[in-house]
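S.K.: Sharing a structure below in structure tokens format, with a few things to ask.
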Amino acid sequence: MRYFACLLVAFFTFFVIACSGGDIDPSVDLYEYPGDEEGRVIIDPDDFQFEFRFDHEPRNASTECRFEDEDWFDCDSPYFFDQDSEEYDLSEGYLRFQVRAYDEDSTSPSESLELLVLYDFDFQLDDAQQYQAGSMDTPFYFPDEYTASCGRSDCELFCYWEADGLDAQVDAPCSLDEPFMLTFPDEDLENAYLQIEACATNFGGDQDDEYCQGPKTYLFYPPPPAFVQLEAGSRHTCGLVGDGSIWCWGRNNAGQVGVGGATSQPVLEAEKVLYRNWVSLSAGGEHTCAINEAGALYCWGDNASNQLGFSPINAGQPEEVDAGPWSVVSAGNRHTCAIDDDGGLFCWGEAGRGRLGNPSAASDGAMYNVALPAGATSGWIDVSAGDEHTCAIAHRSGGGRATYCWGDASDGKLGNNSESGSYDTPQEVVGNLAVMNADELTTGTHHTCAIASSVDHETYCWGRGARGRLGNGTEDNRPVPRRISSGDDPAGGGGENHDNHISVAAGDSHSCAVHEEGSIFCWGENFLNQLGSGLEDNWLLTPVRAEVDPRLSFDQISVGEEHSCAINSSGTVYCWGDGNDGQLGIGADRDAEVPTRLSWPQGEFIPTPHAED
């Protein structure tokens, strides 16, 4: 009997040991979780929910969990948490979740299993549209500078170019700390793809661990070529680029854009004019003229007053006027003037009011010589054709330069102290400019401006003063040159806006100048925002700074009837004001309140599919 009792006790003891696991150490296994092979779970910290499922041995063991190094707490499988749970803190951008098993008979719990919970984060190239495969209308993106952003403070960017014509990836600079420049990888490529990857690098102090997103793809076309000259006509604009090609845009009712014929619809983006090897150009009312490297003179557009210099029909593309050689050309509203290599000045087209500068001139398209007046020698230097008047600069016999004007004298725009009548021979501009060397000369519809090189490159204007087009603080007419006012610059430009100018342009009712530091100042009428200041004033009597990125520096300015355009130091064109006829070249027939970058046509560079698309 005692033997049987002992046997029964021994069997019971074995059963208990077997059921309790005996020497089996507790263990835990995560078998279902929303993570990757490396045990990482990526979440949107503002909107997520998921659960962890785990097994453990022995079966009667318990499980406990914790986040980071907080206290352990009892948890069961499945363990669920979401953005409203209070057990965790994602303020550092990452979180370590641990689970372990234990039982009361074990001396220690199992080793914990760990998951790394990470913020999902976004990144981007600012102000650029991500490329969509198959899209043929992705906008052209190539500003002077870029910025990038990322949703994590420990983010690091990696950028590189890919293209069908590249043998390997080409590294591209990119930064989250400051603006960066992008350079197209190869000018011979039709397009290229900028790839950007972003990596978060700081997870629990382990700098060797990282989580990367991307790449994101941005499609780029080659940047526009650098413009070296810009000419705003009445309602169209043309520019000369460094390779000798001319590009025009805007109203094309008479073929003045020069792309093959007149069109009823405006040309909204730059189009290339026939031929190459041009060296200078000028845009007038509704016609355009240019000189090629051989010195031959060509014109196109409206010829109603024989301003093209050949048979009285319009021309939709460049037609040769004279083999020359010519050095300077200026297209006015309905007449044209040019200077040959010997310094001779000739004008043709509409002859009314004496604007051709020759008493014998007629509106027959013949070239009429403008004789040098007494006191001038060595030929003409520069010429500017306006609407009903013309002005030019010649060498003075005693040294220096003299400025002369002829044509309609109303409002005082000839600068000879007369406000009426007309003159068919050159009249010397009097007053302050008579003792100064004019460096640059520009004729508007009813006024004239010049930069005097001998006195701090100050700008002087004369003629009609209505709506502030003379920039001297009044609306009075001025029959002799008067320096423009220093003005009240609301942009904080300092007030010395009348001097140190390197370029000046006069339009119909407004004028603009470029300061040697690269800023732009405009004055006069502003009904269509042609001053580019962003102000709502209908006109301003003194110069105001155009509202442009202060990092941009400009070299040249040209103004039309009610629009303005300028070239910056990298050769990029910006336009503003009236855009109803596409004269701003921004891809739409709309106005622009402030200087807006020229839209370069993608049609020149047909995008090809990405190799991985």
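S.K.: Enumerate the strands (runs of 3 or more DSSP E) found wholly within segment 176-265, keeping only those where 2 or more residues are at pLDDT below 90.
M.R.: Output list reads 192-200, 211-220.
S.K.: Still on this structure: Which numbered condition trips up Thr377, out of (1) at pLDDT below 95; (2) in contact with a Cys (Cβ under 8 Å, 6 or more places away or on another chain); (3) not small (Gly, Ala, Ser)?
M.R.: Result: Thr377 passes all but (2).
S.K.: Would you mind stating whether Tyr404 is surrounded by fewer than 24 Cβ atoms within 10 Å (Cβ to Cβ), of a type in the set (Phe, Trp, Tyr) and more than 38 Å from the chain's Cα centre (by Cα)?
M.R.: Considered against the rule, which asks whether it is surrounded by fewer than 24 Cβ atoms within 10 Å (Cβ to Cβ), of a type in the set (Phe, Trp, Tyr) and more than 38 Å from the chain's Cα centre (by Cα), Tyr404 comes out as no.
S.K.: Restricting to segment 43-55, name every residue that is within 38 Å of the chain's Cα centre (by Cα), open to solvent by less than 60 Å² (accessible area, probe 1.4 Å) and either without any contact (Cβ under 8 Å) to a residue 40 or more places away in the chain or under 13 Å from Phe97 (Cβ atoms) (or both).
M.R.: Ile43 - this is the single residue of segment 43-55 that is within 38 Å of the chain's Cα centre (by Cα), open to solvent by less than 60 Å² (accessible area, probe 1.4 Å) and either without any contact (Cβ under 8 Å) to a residue 40 or more places away in the chain or under 13 Å from Phe97 (Cβ atoms) (or both).
S.K.: Any residue at all in segment 283-291 that's free of Cβ contacts under 8 Å to residues at least 24 places away in the same chain and either more than 38 Å from the chain's Cα centre (by Cα) or in a loop (DSSP other than H, G, I, E, B) (or both)?
M.R.: No, segment 283-291 contains no residue that is free of Cβ contacts under 8 Å to residues at least 24 places away in the same chain and either more than 38 Å from the chain's Cα centre (by Cα) or in a loop (DSSP other than H, G, I, E, B) (or both).
S.K.: Got at least one residue in segment 365-385 being buried (at least 23 other Cβ atoms within 10 Å of the Cβ) and in a loop (DSSP other than H, G, I, E, B)?
M.R.: Within segment 365-385 (the criterion being buried (at least 23 other Cβ atoms within 10 Å of the Cβ) and in a loop (DSSP other than H, G, I, E, B)), the answer is no, since none of the residues qualifies.
S.K.: Any chance segment 187-195 includes a residue that's in contact (Cβ under 8 Å) with a residue 12 or more places away in the chain and touching a His at 6+ places or on another chain (Cβ under 7 Å)?
M.R.: Within segment 187-195, one or more residues are in contact (Cβ under 8 Å) with a residue 12 or more places away in the chain and touching a His at 6+ places or on another chain (Cβ under 7 Å).
S.K.: Another question, then. Looking at Glu38, Glu111, Glu92, which one is open to solvent by 30 Å² or more (accessible area, probe 1.4 Å), at pLDDT 75 or above and part of a loop (DSSP other than H, G, I, E, B)?
M.R.: Glu111
S.K.: Any chance you could count how many residues in segment 407-431 are part of a strand (DSSP E or B) and open to solvent by 40 Å² or more (accessible area, probe 1.4 Å)?
M.R.: 6
S.K.: Counting only residues that are among the β-branched types (Val, Ile, Thr), give me the strands (runs of 3 or more DSSP E) lying completely in segment 313-360 with at least 2 of them.
M.R.: 326-331, 335-340
S.K.: Ok, one more. Please find, within segment 551-586, the residue that is nearest to Ile520 (Cα to Cα) out of those that are within 13 Å of the chain's Cα centre (by Cα) and open to solvent by 10 Å² or more (accessible area, probe 1.4 Å).
M.R.: Looking at residues that are within 13 Å of the chain's Cα centre (by Cα) and open to solvent by 10 Å² or more (accessible area, probe 1.4 Å), I get Ser553.
S.K.: Working only within segment 303-325, note down all residues that are closer than 23 Å to Ala505 by Cα and either open to solvent by 10 Å² or more (accessible area, probe 1.4 Å) or touching a Phe, Trp or Tyr at 6+ places or on another chain (Cβ under 6 Å) (or both).
M.R.: Passing the criteria: none in range.
The values are calculated or read from the model by the stated rules, or taken from the named source; none is laboratory data. Please read all numbers here as calculations on a predicted model, not as lab measurements. No Cβ is skipped: glycine too gets one built from the backbone with ideal geometry, and neighbour counts run over all protein chains shown. These accessible areas exclude ligands, DNA and RNA; they are computed on the full protein's heavy atoms, side chains included. Shrake-Rupley method; radii C 1.70, N 1.55, O 1.52, S 1.80 Å.
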